[in-house]
Amino acid sequence: VIDWAETAADRDLASVIGHAPRVDHIGIAVRSIAAARSIYELLGMPVGAIETIEREQVRVAMVAIEGTRLELLEPTADDSTIGRFLAKRGEGLHHVAFSVQDVDAIFAQLTTAKVKLASAHVGLGAGSHRYFFVHPSAAGGVLIEIVGVASQLANLPEPA
Ligand code: CO
């Protein structure tokens with residue numbers, strides 16, 4: 001049920017995305033998950049198991065919060081996306097991820113609108129979720145990740 005679409009423009013958008021986008025997770029770049037986790041644990045937020053994603057040279061731990069999650073990102077190499085981010089910006093907020101009903105439709109819509117993306121295609125990430133990134137220069141300096149909802153996980157080939 002779409003209850004947020006009040007204008008015609010909202011309804012057009014709703015017909016594409018199916019529901020109001022939600023904050024799926026907030027990505028935070030850290031030098032060490034072992035060091036970073038304690039503040040969340042002290043705040044009563046459970047920190048999940050660490051998963052290493054070799055292809056992205058990153059170790060990831062999810063922190064459970066009502067309605068969303070934090071994604072702690074620790075590089076396994078200095079010359080990696082997160083390693084370079086830490087060298088340039090230091091620890092801190094890295095990206096905000098929104099979940100949408102149809103990640104492919106949104107990718108096509110933004111491509112048509114000539115929005116600068118930081119991904120060449122919709123990729124397959126940790127936990128088999130499908131995602132792409134919008135370049136910060138197109139979003140007020142915020143790196144936005146768009147992820148598909150769980151129903152889109154099945155029967156999709158691994159991108160090269
Ligand atoms: Co993310």
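The values are calculated or read from the model by the stated rules, or taken from the named source; none is laboratory data. Since the model is a prediction, treat every value here as computed from it, not as a measurement. Note that we place each Cβ from the backbone using ideal geometry, even for glycine, and neighbour counts take in every protein chain shown.
For ARG130, are the conditions met, namely being within 15 Å of the ligand (Cβ to nearest atom), among the basic types (Lys, Arg) and in contact with a helix residue (DSSP H, G or I) (Cβ under 7 Å, 6 or more places away or on another chain)?
yes
Do you know which of the residues in the stretch 101-148 that are assigned to a loop (DSSP other than H, G, I, E, B) and polar (S, T, N, Q) is surrounded by the fewest Cβ atoms within 10 Å (Cβ to Cβ)?
SER119
Inspect all residues belonging to the stretch 57-69 and state whether any of them is in a helix (DSSP H, G or I) and on the phi < 0 side of the Ramachandran plot.
For the stretch 57-69, residues in a helix (DSSP H, G or I) and on the phi < 0 side of the Ramachandran plot: absent.
Can you pull out the residues in the stretch 35-55 that are part of a helix (DSSP H, G or I), surrounded by 14 or more Cβ atoms within 10 Å (Cβ to Cβ) and not charged (D, E, K, R)?
ALA36, TYR40, listed by residue number.
So if I check each of ILE50, ILE82, which one is modelled with pLDDT of 95 or more, β-branched (Val, Ile, Thr), touching a strand residue (DSSP E or B) at 6+ places or on another chain (Cβ under 9 Å) and closer than 17 Å to HIS95 by Cα?
The match here is ILE82.
Quick test of your reading of the structure: GLU71 fulfils all but one of (1) touching a residue at least 40 places away in the same chain (Cβ under 8 Å); (2) loosely packed, with under 12 Cβ neighbours inside 10 Å. Name the failing condition by number.
Only one criterion is unmet by GLU71, namely (2).
How many of the residues in the stretch 85-115 are among the small types (Gly, Ala, Ser) and over 14 Å from PHE132 (Cα atoms)?
Selection size over the stretch 85-115: 4.
Taking the stretch 76-100 as the region of interest, how many residues are surrounded by 15 or more Cβ atoms within 10 Å (Cβ to Cβ), aliphatic (A, V, I, L, M) and assigned to a strand (DSSP E or B)?
Adding up the residues that qualify gives 3.
Going through the stretch 14-34 one residue at a time, which ones are under 21 Å from VAL142 (Cα atoms) and part of a loop (DSSP other than H, G, I, E, B)?
Matches in the stretch 14-34: ALA20, PRO21, VAL30, ARG31.
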